[in-house]
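Enquirer: Would you mind keeping the following structure in view while I ask a few things?
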Amino acid sequence: MASTTQIEACSVTKTFGKFAALRDISLTIAEGEFLSLLGPSGSGKTTFLTLLGGYEAVTSGQLLFEGQDMTGWSAKERAFGMVFQGYALFPHLTVAENIAFPLKVQKRSKARIDARVAEMIELVGLAGHAHKKPSALSGGQQQRVALARALAYEPKVLLLDEPFSALDKNLRGQMQEELRRLHRDLGTTFVFVTHDQEEALALSTRIAIFNHGHLQQIGTPDEVYERPANRFTAEFLGDINILSLQGGNITGSAITAPPHAQGNGHLAIRPEHMRLAQDYDTNRLPTTVRDRVYLGAKSRLLLATGAGEELILYFDNGPGEAPPAPGATLEVTWDPRDSFAV
Ligand code: ATP
């Protein structure tokens, strides 16, 4: 990954009337990066994307592009590519005409436009569909046209707002693969809005996590997953077990809290770092199985501690023992290094 800073947001705030949709956002985006903006509905992801694209003006703060102040530049001056949630294709134009549209606006020669359109159609795997209207295409194909159109004039930055939200799970997976390939092949900077944690983890070089208009954390997928900065990030990215601490111990047990959690109220452990305790394990937390959900390759056990706190434990299905049934008692353990204070 290139590490030259391409875009920088400095204390960016956006208010709509009295409502602050974004507060004091500072972050950098490296050239060639695949940055996902992740967060729940209403957290400000789309607003941040529209500020980057120049479709809305910042209320305060600054946006830099390659070191230059672009805060006052119009969307046209920034000339970033944009792919929206809906595909926003022109229904009366063919696939080829849709892709050619931004190039015509730029008044490129017909020969150059034709060559570029053919290249883009090939790139997104739509050979043979050039003369179809969008209504004759599947959702995935329409999204490919939208991608091809946004990439046709070689923008330095491509902004994508939940481009796959309308697609079913399989097609979504396919399109994610294609987007990874496009990003790898083109080296363009991608800024991608999603509320889907798995999608963000799978696609991004880094993830920026938003909540209520605040940037919670920015980091590589494994950084934000393995070392969440706070409880919101820990809970938002996948399953998490949270145990309260009391007097230096895990509440209701003799297990001492690790040094890094002393003085903190809660200890967090990802379920995949928890396992059934063996005889040789010293830290054993007794639990009772509350519920068991069969998930195919795994079963998900819902456990209750003596203090009444709930934990998740994954149990691999397959040869060997069947997962314990509700009512069973079992002891769990984990490596203290896999726990963190929240
Ligand atoms: P979603 O995943 O639902 O699209 P989001 O994280 O992208 O959510 P935004 O669309 O950025 O969230 O919205 C953030 C907040 O700002 C929301 O509370 C929204 O209602 C508000 N908001 C966005 N645009 C406007 C606007 N033009 N006028 C007033 N409020 C707005």
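A short reminder: the numbers here are calculations on the coordinates, not readings from a lab. Remember, predicted model here, so these are calculated numbers, not experimental data. Note: ideal-geometry Cβ built from the backbone for every residue, glycine included; neighbour counts use all protein chains shown.
Enquirer: Which residue fluctuates the most in the chain, going by a Gaussian network model with Cα springs under 10 Å, if the choices are 280, 153, 225?
Expert: 280
Enquirer: Next up: By average Cβ neighbour count within 10 Å, what is the ranking of 143-152, 208-217, 55-64 from highest down?
Expert: Those peptides, ordered most packed to least, come out 143-152, 208-217, 55-64.
Enquirer: Only Cα pairs under 8 Å and at least 6 apart count here; give the relative contact order of the chain as a rounded whole percent. If you can, show how the numbers build up before the last one.
Expert: On the way: 654 pairs, mean separation 53.9, N = 342.
For the chain, the relative contact order is 16 percent.
Enquirer: Give the shape of region 109-185 as rounded, prolate or oblate, defined through the alpha-carbon gyration tensor: a ≥ b ≥ c are the square roots of its eigenvalues, a/c under 1.5 means rounded, and otherwise the shape is prolate if a/b is larger than b/c and oblate if not. Numbers along the way, then the final one.
Expert: Numbers: a/c = 1.98, a/b = 1.32, b/c = 1.50.
It is oblate, given that a/c is not under 1.5 and a/b is not larger than b/c.
Enquirer: With both partners inside the chain, how many of the DSSP beta bridges are antiparallel, as a percent to the nearest 5? Don't jump to the answer; show the numbers that get you there.
Expert: Working: 51 of 68 bridges.
Of the beta bridges lying entirely in the chain, close to 75 percent run antiparallel.
Enquirer: Then there's this: Can you give the relative contact order of region 41-87 as a percent, counting alpha carbon pairs under 8 Å and 6+ residues apart?
Expert: Numbers: 28 pairs, mean separation 14.2, N = 47.
Rounded, it is 30 percent for region 41-87.
Enquirer: Moving on. Starting from a Cα-only point model with no solvent, please compute log10 I(q)/I(0) by Debye for region 5-227 at q = 0.10, 0.15 1/Å.
Expert: -0.45, -0.99
Enquirer: Compare the Cα positions of 17, 62, 27 along the charge dipole of region 9-69 (+1 at Cβ of Lys, Arg; -1 at Cβ of Asp, Glu; about the Cα centre) and return the one farthest towards the positive end.
Expert: 17
Enquirer: Let me ask something else about it. Please compare each pair in 110/132; 45/298; 107/133; 45/107; 14/104; 104/132 to a cut-off of 28 Å on the Cα-Cα distance and tell me which ones are over it. Before the final figure, lay out the partial values.
Expert: Details: 110/132 20 Å; 45/298 33 Å; 107/133 23 Å; 45/107 33 Å; 14/104 34 Å; 104/132 19 Å.
Too far apart for the 28 Å limit: 45/298; 45/107; 14/104.
Enquirer: Could you bin all the Cα-Cα distances of region 237-327 into 10 Å bins starting at 0 and give me the percent of pairs in each, rounded to whole numbers?
Expert: Percent of pairs per bin, in order: 16, 47, 29, 8, 0.
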